[in-house]
Amino acid sequence: MPRFLREILTITALTILGAAFSLCSGLAPLPWAEPVLAPGEIRLIDARALDVLWVDARSKADFTAGHIPEAICLNDEHWETGVVALMSTWLMNPRTIIVYCGSESCATSKLIADRLRESLPNAEIYSLKGGWDAWVQ
Amino acid sequence: MGAINKKSLFVLIARLVLAGVFVMAALPKIEDPVTFTNSVAAFRVIDLDLSAWVALFLPWLELVLALGILIPDIRRSSAALIGLLLFSFIALHTSAWLRGLDISCGCFGYETGEPGTNYSWLIARNVVLLWFIFLVLRQDTRNNPVAPNS
């Protein structure tokens, strides 16, 4: 067997062994399984480590009752005013935008995040996994 | 003789730097493949499903190559593959830069620091590492000029 091929096979075998270890030990989820995070989602523990511009996608009443400090209220009802406020804040200091709604099961944050990706194609935008519930826990 | 030793010492340091950089890049990603999956997907080159496969295999490949560049039996192929990876990373970063993506590099796992990626720094860093690979491969070829298929 050519030496180069033998070396490549050795490297491939070691890599596959390593990946198998990750799968068997539970370090890595099965790639074909349902992802722990949906596309565009971020965990609170990761979000806390970032410089974030928070966007509250819940109703105005919920926002008034309590929200993440310095969050901007942005939902379908107040889209025009909210998006202007968001853009002016983001343009002054571009950073990761994370949208949250009420809980794990709400879909508003993903919808608002999708709309924002169209308005701000250059921004890094996520929806918060677990939403406001994750924050207050 | 002195010049040869100096050159060999420099190549040895280059080899150790490459091994260290790739070990440091691999370990955090092996520990947290889910986060690395998101970093890969953020480049918007491949979809999330394929990103999960990349996040599973790439860190282990980096670790094997990092150690392989120090093991005589596989060091030439390891160096060649590291060179290929570095070429791919440079192409990927250039592409993300041209598309104006403001994302985390994900090179050493999840990077928290300042918002925005300094693409010029990332590319310059990989070009330097690529130069190290060139030196390592040149020395390996000189020291072992046997045809690869022997």
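Since every read-out is calculated from the coordinates, none of them should be taken as a lab result. Keep in mind it's a predicted model, so treat the numbers as computed, not measured. Here the Cβ positions follow ideal geometry from the backbone for every residue, glycine too, while neighbour counts run over all protein chains shown.
Selection over the stretch A:64-104 of residues that are in a strand (DSSP E or B) and surrounded by fewer than 17 Cβ atoms within 10 Å (Cβ to Cβ) gives a count of 0.
Please indicate, with yes or no, whether at least one residue in the stretch A:18-33 is among the aliphatic types (A, V, I, L, M), more than 8 Å from chain B (Cβ to nearest Cβ) and closer than 22 Å to A:Arg117 by Cα.
Let us first name the residues in the stretch A:18-33 that are among the aliphatic types (A, V, I, L, M), namely A:19-20, A:23, A:27-28, A:30, A:33.
If we keep only those that are more than 8 Å from chain B (Cβ to nearest Cβ) as well, we get A:20, A:30, A:33.
Right, trim to closer than 22 Å to A:Arg117 by Cα and you get none.
No, because not a single residue in the stretch A:18-33 is among the aliphatic types (A, V, I, L, M), more than 8 Å from chain B (Cβ to nearest Cβ) and closer than 22 Å to A:Arg117 by Cα.
Scan the stretch A:51-103 for residues that are among the β-branched types (Val, Ile, Thr) and in contact (Cβ under 8 Å) with a residue 60 or more places away in the chain and the total you get is 2. Looking across the stretch B:64-85, the residues that are in contact with a Phe, Trp or Tyr (Cβ under 7 Å, 6 or more places away or on another chain) and either within 16 Å of A:Gly40 (Cα to Cα) or at the interface with another protein chain (Cβ under 9 Å from one of its Cβ atoms) (or both) come down to B:Leu65, B:Ser77. Applying the set (1) in a helix (DSSP H, G or I); (2) within 11 Å of another protein chain (Cβ to nearest Cβ) to B:Arg44 leaves exactly one unmet item: (1). Among the numbered criteria (1) more than 7 Å from every other protein chain (Cβ to nearest Cβ); (2) touching a helix residue (DSSP H, G or I) at 6+ places or on another chain (Cβ under 8 Å); (3) within 29 Å of A:Trp90 (Cα to Cα), which one does A:Val52 miss? For A:Val52, the failing item is (2).
Tally the residues that are among the acidic types (Asp, Glu) and without any contact (Cβ under 8 Å) to a residue 24 or more places away in the chain, restricting the search to the stretch A:115-135.
Taking the stretch A:115-135 as the starting set, the residues that turn out to be among the acidic types (Asp, Glu) are A:118, A:124, A:133.
With the extra rule that they be without any contact (Cβ under 8 Å) to a residue 24 or more places away in the chain, the set shrinks to A:118.
Qualifying residue count for the region: 1.
No other residue among A:Leu14, A:Leu9 is aliphatic (A, V, I, L, M), over 29 Å from the mean Cα position of the chain (by Cα), more than 8 Å from every other protein chain (Cβ to nearest Cβ) and not in a loop (DSSP other than H, G, I, E, B) apart from A:Leu9. With respect to (1) surrounded by fewer than 17 Cβ atoms within 10 Å (Cβ to Cβ); (2) touching a residue at least 40 places away in the same chain (Cβ under 8 Å), the lone exception for A:Ser25 is condition (2).
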